[in-house]
Structures are given as structure tokens and as C-alpha cells.
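The values are calculated or read from the model by the stated rules, or taken from the named source; none is laboratory data. These figures come from a predicted structure and were not determined experimentally. Counting neighbours? That spans all protein chains shown, and the Cβs are built from the backbone with ideal geometry, glycine included. Surface areas here come from the heavy atoms of the whole protein model, side chains and all, with no ligands, DNA or RNA. Shrake-Rupley method; radii C 1.70, N 1.55, O 1.52, S 1.80 Å.
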Amino acid sequence: MPTPKRALSATLVRRGGDRLLFDCAEGTQRQLLRSDIGLVELEEIFLTHYHADHYLGLPGMLKTFALRGREIPLTIYGPKGLDELFRTLGRIFGRLTYPVSTVVLEPDARLEREGYSIVPFDVDHRVTAIGYSLVEDERPGRFDVDEATRLGVPDGRERGLLQRGESVTLADGRVVQPSDVLGEGRAGRKVVLSGDTAPAATVVEAAAGADLLVHEATFLADERERARETAHSTAGEAALVAREAGVKLLALTHVSTRYFGHQVVEEATQLFPATVVPRDFDLVTIPFPDRGEPELVRSGARTPQPRTNSTLVDPTSPSVSST
């Protein structure tokens with residue numbers, strides 16, 4: 001349930017110019033407007049499953065886009081049942097000014113993007129549900145400037161081609177291959193979002209080696225039986241998933257209103273120390289693996305508020321955890 005300080009499920013992933021929204025709970029568009037992102041004309045929305053706390057913000061957002069005269073196409077992805085859901089919601093939002101397409105995803109169907117892939121995977125939630133893994137392509141190895149100079153590769157275009165993985169022919173006819181001047185390939189980044197799920201081997205497999213795992217933690221150990229009944233996870237169980245998968249950072253979401261964030265952290269960190277419980281509008285920054293570790297930035301995606309009598313105005317916090 002929403003509270004004055006915590007809203008429902010919506011996570012925004014920003015990579016370069018891409019903005020990918022995962023789940024669209026009640027009030028998501030309003031909270032985006034209160035962020036440093038704003039209500040951008042999202043081109044893709046990904047749903048994990050069709051419980052109301054994960055999609056009720058969608059009709060209002062679609063209608064708002066239409067009222068603004070949007071023309072850019074929108075694609076909505078989700079597991080089986082998406083077309084039926086969209087037909088039902090269509091009675092609410094009515095005619096739109098832009099084309100909307102729906103894509104039903106099967107687990108392990110790979111969506112290729114420039115420089116990365118989005119891969120849905122099975123979870124255990126007793127209804128048709130999926131999680132999402134975002135996996136960047138491997139990056140070229142480091143460019144050896146000294147070796148390039150020794151081989152006679154001139155500055156400029158030729159070196160750029162080699163860094164992009166293309167061979168070049170020098171003025172004397174010699175061919176220099178990328179492998180001659182590049183080190184071993186470097187791993188890209190990996191972000192995994194579980195959606196709602198009981199602890200599952202499929203999540204462990206999908207999250208293997210991830211920089212960030214965003215995993216639900218609806219309950220604590222005192223409600224383990226309730227977690228079993230509803231196919232949710234406790235904080236400790238999510239921590240065990242993160243530990244087994246060998247992730248760098250675990251971010252716990254979907255926390256029941258009966259708990260405070262520090263209680264969830266305390267249970268999880270006993271099993272996996274690198275755990276955070278983001279508040280609404282916290283940001284997780286994820287550098288390339290060779291440039292540092294993922295880091296939680298409190299209120300990192302929040303719109304700066306005006307000061308009144310030197311006091312920072314603190315409105316109700318928005319609903320999007322931005323990764």
C-alpha cells in the first residue's frame with residue numbers, strides 16, 4: 001500500500017539517452033514530474049506481472065501523454081496476459097493520439113538494444129510473472145598507445161577504427177588488427193530486477209555476477225509463512241539470493257508498510273552486507289566494473305525544492321527508485 005512517504009512499484013533505468021520504466025504503479029506519472037527526470041515521453045514500458053500495484057498508473061500516464069498531443073510511438077512489454085489487460089484498460093484511457101503496441105515476452109526472449117540486451121526470466125509468484133535482466137555488451141580492451149605507435153599507426157581515424165574493433169591498412173600495405181593493440185575485452189554492466197517473487201533459482205541464475213540486483217523484500221523472517229503463502233520473499237531470503245548469485249549490490253524494494261527500512265536492512269545485512277533499502281527517489285549509480293562500485297545516492301533523482309526562510313521544503317517523496 002502507498003504511505004505518505006513510500007509509493008508503489010516503479011523503477012526507472014537510465015542509460016545514456018535511454019529511459020526504461022519497469023512497472024507503472026498508481027501515481028507514477030506524478031512522481032516522475034516531481035523528479036529531475038520529468039514526465040518524459042517514454043518509448044518503452046516493461047511490466048513484470050498484472051497485480052494492480054504494478055500497473056494501475058498506466059492508464060493515467062497514457063491519457064496524459066495523449067492530452068499533451070504526443071505522437072511518438074510507445075511499446076509496452078510484459079508476460080502472457082498483456083493483450084487482455086490492455087484491452088481492459090483501453091476502456092479507461094480511450095482513444096490516444098499516438099500508436100501503442102504491446103509485446104508479449106517469453107522467458108529468455110532477448111531484446112537487443114544498442115550496446116546492451118534486455119532479457120526476461122521466470123520468477124515464482126504463483127501468477128504469470130517475469131523479471132528483467134539488462135546486460136551490456138562486452139567492451140573492447142584498453143588501447144595500447146605505445147604499441148600502436150611502434151606499429152606505425154597514425155593518430156586519428158585509424159586508431160579510432162581499431163578501438164571500435166576494425167582492422168586498418170597502413171600506408172605501406174601492412175594490416176593492423178584490433179587484437180594487435182587492444183587488451184582483453186572488458187565486461188559491461190548488468191542490472192537485474194526481480195519483480196515480485198519468492199526466492200527462486202531462476203533469479204539466482206539471471207542475477208549471476210550482476211552489478212545490481214533489485215529484489216523484492218515484502219516481509220521479514222517473522223512473517224516467513226505469510227511470504228510462502230503469497231509467493232513473496234523475506235529480506236533474509238533476498239539476501240541469500242544475492243549472496244548465491246555473487247552480485248555487487250542488493251537493493252531491496254516492495255517493502256511492507258509494517259516495517260521500517262532499517263529493520264529490513266538489519267535482517268538482510270546479516271547474510272549479505274552489501275544491501276541497501278532505497279527510499280523513494282534514491283538513485284543507484286553504476287560505473288563500469290573497472291571504474292568503481294555501485295553506489296546509493298540518497299534523493300539523487302529528486303528535483304531541488306525552493307527554500308523558504310532558509311528551510312528546505314520537503315514534499316511527500318516520489319515513487320520512483322531510479323537505478
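Please sort by residue number the GluC sites (Glu not before Pro) in region 45-130 whose DSSP state is loop and whose Cβ has at most 14 other Cβ atoms within 10 Å.
Those satisfying the criteria are Glu71, Glu114.
Work from the charge dipole of region 1-72 (Cβ charges, +1 for Lys and Arg, -1 for Asp and Glu, about the Cα centre) and give the residue of Leu33, Val13, Ile45 farthest towards its positive end.
Positive-end residue among those listed: Leu33.
List the residues whose amide H sits under 5 Å from the amide H of Phe46, counting only those 5 or more places along or on another chain, with H placed 1.01 Å from N in the peptide plane.
Here Leu21, Phe22, Asp23, Tyr77 satisfy the definition.
List the lysines whose alpha-carbon lies under 30 Å from that of Lys63, not counting same-chain residues fewer than 8 positions away?
Result set, ordered by chain and number: Lys5, Lys80.
Using Cα-Cα distances under 8 Å and only pairs 6 or more residues apart, what relative contact order does the chain have, in percent? Each step should come with its number before you reach the end.
On the way: 703 pairs, mean separation 54.9, N = 323.
Answer for the chain is 17 percent.
Mind listing the long-range amide H neighbours of Arg113? Cut-off is under 5 Å, sequence gap 5 or more, other chains count too, H placed in the peptide plane at 1.01 Å from N.
Ile118
On the protein heavy atoms, probe 1.4 angstrom, tell me the percent of accessible surface of the chain carried by carbon and sulfur. If you can, show how the numbers build up before the last one.
Values: 7760 of 15770 Å².
C and S fraction of accessible area: 49 percent.
Treating only the Cβ atoms of Lys and Arg (+1) and Asp and Glu (-1) as charged, compute the dipole magnitude of region 85-166 about its Cα centre; round to the nearest 20 debye. Write out the running numbers ahead of the final one.
On the way: 12 positive and 15 negative charges, 143 e Å.
Roughly 680 debye for region 85-166.
Please list Met1, Met61 in order of solvent-accessible area, largest first, computed with a 1.4 Å probe with all protein chains present.
On the way: Met1 165, Met61 0 Å².
In descending accessible area the options line up as Met1, Met61.
What angle do you read, to the nearest 10 degrees and between 0 and 90, between the alpha-carbon axis of helix 58-67 and the longest principal axis of the chain?
70
Skip the ligands, DNA and RNA, and give the accessible area per residue of the chain with a 1.4 Å probe, whole Å².
49
Name the long-range amide H neighbours of Val168: under 5 Å, sequence gap of 5 or more, or other chain; modelled H, no Pro or chain starts.
Amide H to amide H, under 5 Å and 5 or more residues apart or across chains, Val168 pairs with Val176.
Among all the lysines, which ones have a C-alpha under 21 Å from Lys248's C-alpha, if same-chain residues fewer than 8 places away are not counted?
Output for Lys248: Lys190.
How much of the DSSP bridge set in the chain is antiparallel, in percent, rounded to the nearest 5?
That works out to approximately 55 percent antiparallel.
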